[in-house]
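Written below as structure tokens is the structure these notes are about.
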Amino acid sequence: MRLRFRLLPRDEGFYGLFDEAAANVADASRRMRDLVADYTDVEAKLQRLIECEGRGDELTDTILRRLDTSFVTPFDREDIHALTERLDDVVDDILAAADLLVLHKVDGILPEMVELAETLVKASEANVSLIEKLPRMKGIESELTAIDQLESEGDRIYRKSVARMFSGEYKAFEVLKWKDVVEAIENALNAIEATSDIVEGIVLKHA
């Protein structure tokens, strides 16, 4: 029987950094929900989302610098890179949605925007639990199912919002403003599902 051992230990520090990145995604999601649920003090709430985006960029840089200097990583380098970038994408999409509200000078919020933002918060919280399980490389089925169902729910809400926008009830210019925002929130939901796909792939490789 051959004994296998490593001369260098695996760098387990990535797991904590991914936990922080997932928590930042959840924080940004909650701030987006608070923005659309109570559409006041928009500029101040946007600034708090900009802070989340800055925090996400810092974590991305830290993880990628660590990747460049680590000899033995806990899982494949390309997966670390992909997961890092995808988590950062979620926050970027959330900030884009909030930024569009300000740039377009949107006067009011559609009910579906609030529904989508609530769904985004639930998905981001499931994502936190998913990332926390990454070191164990197992037991992620409930989170994967939850995120998949929430992404499907987001699709349904998106279709409902499009039907409302093009019902003839609103002016075309207002519809264009809202559509951009709704699509940006949906993009954030899609990015969370893409994150879960990456995690699922990592776990399958280590099964």
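The values are calculated or read from the model by the stated rules, or taken from the named source; none is laboratory data. The model shown is predicted, which means the values in this text are computed figures rather than measured ones. As a convention, Cβ positions derive from the backbone with ideal geometry for all residues, glycine included, and neighbour counts pool all protein chains shown.
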Could you please let me know if LEU67 is in contact with a Leu (Cβ under 9 Å, 6 or more places away or on another chain) and on the phi < 0 side of the Ramachandran plot?
no
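Please find, within the stretch 22-76, the residue that is farthest from the chain's Cα centre (by Cα) out of those that are part of a loop (DSSP other than H, G, I, E, B), over 26 Å from LEU116 (Cα atoms) and not aliphatic (A, V, I, L, M). I'd like the intermediate steps shown before the answer.
Taking the stretch 22-76 as the starting set, the residues that turn out to be part of a loop (DSSP other than H, G, I, E, B) are 38-41, 70-76.
Adding the requirement that they be over 26 Å from LEU116 (Cα atoms) leaves 70-76.
Among the residues that remain, those that are also not aliphatic (A, V, I, L, M) are: 70-71, 73-76.
Details: SER70: 26, PHE71: 29, THR73: 23, PRO74: 22, PHE75: 21, ASP76: 21 Å.
The residue in question is PHE71.
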Exactly one of these conditions fails for GLU183: (1) closer than 20 Å to ALA28 by Cα; (2) touching a residue at least 40 places away in the same chain (Cβ under 8 Å); (3) not polar (S, T, N, Q). Give me its number.
(2)
Do you know which residues across the stretch 29-44 are farther than 12 Å from ALA97 by Cα and not β-branched (Val, Ile, Thr)?
ARG30, ASP34, ALA37, ASP38, TYR39, ASP41, GLU43, ALA44
Among the residues of the stretch 134-177 satisfying the criterion of being under 25 Å from GLU20 (Cβ atoms) and among the hydrophobic types (A, V, I, L, M, F, W, C), which is nearest to the chain's Cα centre (by Cα)?
ILE147
First in the stretch 148-167 and farther than 29 Å from GLU200 by Cβ and at pLDDT 95 or above, second anywhere and hydrophobic (A, V, I, L, M, F, W, C) and surrounded by fewer than 14 Cβ atoms within 10 Å (Cβ to Cβ), Cβ under 6 Å, 6 or more apart:
none
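Out of ASP11, ASP107, which single residue is of a type in the set (D, E, K, R), modelled with pLDDT under 95 and surrounded by 12 or more Cβ atoms within 10 Å (Cβ to Cβ)? If you could, list the steps in order and put the result at the bottom.
Working: ASP107 fails: surrounded by 12 or more Cβ atoms within 10 Å (Cβ to Cβ).
Answer to the check: ASP11.
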Would you confirm, using the coordinates I've provided, whether VAL91 is touching an Asp or Glu at 6+ places or on another chain (Cβ under 6 Å), among the β-branched types (Val, Ile, Thr), within 30 Å of TYR170 (Cβ to Cβ) and buried (at least 19 other Cβ atoms within 10 Å of the Cβ)?
yes
